[in-house]
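The structure under discussion appears below in the form of structure tokens.
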């Protein structure tokens, strides 16, 4: 920001009427630097003249202007806004490809007025300047599996594969006889350091399992309230304190040719992070036994041998679960090894203590990632051996 009290707006526009329209909605400390030619605007920026925000009018060649001004916008941290009479797909494509910050329409059908949109961006400028002055955080350290843990994994996994080979062969035959479909199920999972790999399990579900998932949210054991349509409508009838002072919603998004409230969009996408069901109808007859005895997990010994997983660690999550764990706190669970068994399984699921909240599971995962050791791993392996027959019918 060039000043805390004065705002300089660089406008590239040939039409004087647009210039007059903009100046009519500005405050006393907001000034427009008007250039009809983009070359003059480039020269102004190159000479390090004061600029806080860049506006590109619709009479300008969007592609050419964005190509020339985006490097300055990116390097100087300046919002680069396109002005247009209507927002079309071609304008959206040009804005996206050219690196524009946003688009402001003179005549929005269902959005706020031009004055409100422009003033909302101008009000954000002090916060943008403050963020630019914030210190850059160091790169987070990636997790590396200790040598002792890798050695233990290899030793136990190879021994288990040899010892359990008859059981693995029998299970393979029974799955083929029980239901149609492949013997193994490969699921994309997110492990340590957000690394994605294919986790192998014996198939325990019908081949139509994925199609049934969307109809089963009410049976999820990891309960998280999901806002209903009525709740969303009631919620958006009342503006928050900040928006009430401004007289309109200040958190609008443009999505698929129309405006949506960011707060409403976020609430409509709220829901449980983890998914798990009691008496899951997707599970086959044999699959229920394989799950209760944890035999379905045995193919993950291959994942352990190739280094995707460890014997003990946090369960690797499906992509749709991992993508919801992006807060500074929750991501700490990925700073530990992905495992076949772990702390939360032993403490909660295997003991059949009923429902577990998402926060409890995240807390246990983070606790293990911070405190795992050889002694604790051996203790968890020992406890797992005595909890294979789980009381939860899942």
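We did not get these values from a lab; they are worked out from the coordinates using the rules stated. All values derive from a computational prediction rather than experimental measurement. Ideal geometry is used to build each Cβ from the backbone, glycine not excepted, and the neighbour counts take in all protein chains shown.
Shown for 347, 176: other C-beta atoms within 10 Å of each C-beta, ranked fewest to most, produce the order 176, 347.
Exposure proxy for 368, 320: other Cβ atoms within 10 Å of each Cβ, ordered fewest to most, give 320, 368. Shown for 67, 35: other C-beta atoms within 10 Å of each C-beta, ranked fewest to most, produce the order 67, 35.
Between residue 154 and residue 381, the simple label model (points 7 Å from Cα in the Cβ direction) yields a spacing of 1.5 nm.
Our estimate of slack between residue 196 and residue 184, defined as 0.36 nm per intervening residue step minus the Cα-Cα distance, is 2.5 nm. Based on the Cβ-Cβ distance of residue 90 and residue 15, what FRET efficiency does E = 1/(1 + (r/R0)^6) give at R0 = 22 Å, to the nearest 0.05? With a Förster radius of 22 Å, E is 0.65.
Suppose R0 equals 30 Å; then what is the FRET efficiency for residue 374 and residue 323 from their Cβ-Cβ distance, rounded to the nearest 0.05?
So the FRET efficiency works out to roughly 0.35.
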